[in-house]
Amino acid sequence: MIAGLRIGFVILAFLMLTLALLPVQLVALGLGLSLMRRLPRWWHRIMCRVIGLRVRTHGSLADERPLLIVSNHVSWKDILVLGSVAELVFVAKSEIRTWPLLGWLARLQRSVFVERRERRKTGAQVTEVSARLVAGEVVVLFAEGTTSDGNRVLPFNASLFGAASAALPLAPEGRVHIQPVSIAYVGLHGMPMGRYHRPVAGWPGDVALGPHLLRVIRYGALDVDVVFADAIPFDASTDRKKTARMVEARVREGLNNALTGRFNG
């Protein structure tokens, strides 16, 4: 009974909030107003509270621009979590564009869709991401290329850092900054979340979205740590593969620190 009421409340709140902000976002997109970047953050913040995602940040978003955020990827909830703490643009796989509801929301948030299996389109996609970076937008890249179980960081794909390289010719001082960010789901109803309960947070690719979404809503009250490491300068002399390994190591360190309770107390 209580679970059903909670699900109904979340659905109603989602509909009311989305329908209220939708016309404003469409006008902002059509006119190119800066409001189109702020509205998604407001939406994410409110939806985090409605669903029960309690977000804590450690460190802060870097001031340097152009800035590419590289993060681990646990679940669809990562979008809400990161989107609630800063005005961001997400790089998403092309399949999401066609997903019911989530694809529509991703388009409204001006996500950049990439088709990783079609190399002939890679150049245009990299150009779009780099153009966003040069324009001063903060772009988020999930370099694992898929979601994980939330207990570990999967190997990063160095080729996905191509957008940083492509942005260098137009970047001030010929430099782009890459900031490692770790997302860790650490608590459930105020209690530490062990490996047994972490599937509530994690969304591996073989799990259907609908049942997982309802499960998260029923549980509610998930504590999430977002750990910002120091940004790493990236220029023409930087080795892309070495940088990918360095960023991966820092994201893994942030995740492990959060999961082991380093930021508690």
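The values are calculated or read from the model by the stated rules, or taken from the named source; none is laboratory data. What you see is a predicted model, and the numbers here were worked out from it, not measured in a lab. Cβ placement follows ideal geometry from the backbone for every residue including glycine, while neighbour counts extend to all protein chains displayed. Accessible surface is based on the protein model in full, side chains and every heavy atom, while ligands, DNA and RNA are left aside. Shrake-Rupley method; radii C 1.70, N 1.55, O 1.52, S 1.80 Å.
Ignoring ligands, DNA and RNA, what percent of the accessible area of the chain is carbon or sulfur (1.4 Å)?
Values: 7660 of 13100 Å².
Summing carbon and sulfur atoms, their accessible area is 59 percent of the total for the chain.
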Quiz item: Which value, in Å² and to the nearest 10, is the accessible area of residue 146 when all protein chains are kept and the probe is 1.4 Å?
Solution: 60 Å²
Quiz item: At what distance in nm do the modelled label points of residue 249 and residue 127 sit from each other, each positioned 7 Å from its Cα along Cα→Cβ?
Solution: 3.6 nm
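What number comes out for accessible area per residue over segment 1-134 if the probe is 1.4 Å? Units Å², please.
Numbers: 7040 Å² over 134 residues.
Computed with neighbouring chains in place, this is 53 Å² per residue.
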Exercise. Could you calculate, for segment 201-265, the ratio of the Cα radius of gyration to the Kirkwood radius, expressed as Rg to Rh?
Key: 1.12
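Leaving out ligands and nucleic acids, and using a 1.4 Å probe, what accessible area per residue does segment 186-265 come to in Å²? All intermediate terms of the calculation are to be shown ahead of the outcome.
Numbers: 4410 Å² over 80 residues.
For segment 186-265, the solvent-accessible area averages 55 Å² per residue.
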Practice problem: Would you pull out the residues with amide H under 5 Å of residue 93's amide H, same chain only if 5 or more places away, H placed 1.01 Å from N? | Solution: 114
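Among 56-67, 24-35, how do they line up by average Cβ neighbours within 10 Å per residue, starting with the highest? Numbers along the way, then the final one.
Details: 56-67: 16.3, 24-35: 12.7.
Ranking, from highest mean packing down: 56-67, 24-35.
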Quiz item: Karplus couplings for segment 215-230 from phi (6.51 cos²θ - 1.76 cosθ + 1.60, θ = phi - 60°), rounded to Hz, Gly and Pro as x?
Solution: 5, 5, 5, 4, 5, x, 6, 9, 8, 10, 9, 10, 10, 9, 8, 5
Quiz item: Of all DSSP beta bridges located in the chain, what percent are antiparallel, nearest 5?
Solution: 35 percent
Exercise. Pop a pseudo-label 7 angstrom from the Cα along the beta-carbon direction at both residue 38 and residue 64 and give the gap in nm to one decimal.
Key: 2.8 nm
Exercise. Would you mind getting the Kirkwood hydrodynamic radius of segment 99-252 from its Cα pairs, rounded to one decimal in Å?
Key: 17.5 Å
Self-check item: log10 of Debye I(q)/I(0), alpha-carbon scatterers only, for the chain at 0.09, 0.13, 0.15 Å⁻¹
Solution: -0.40, -0.85, -1.15
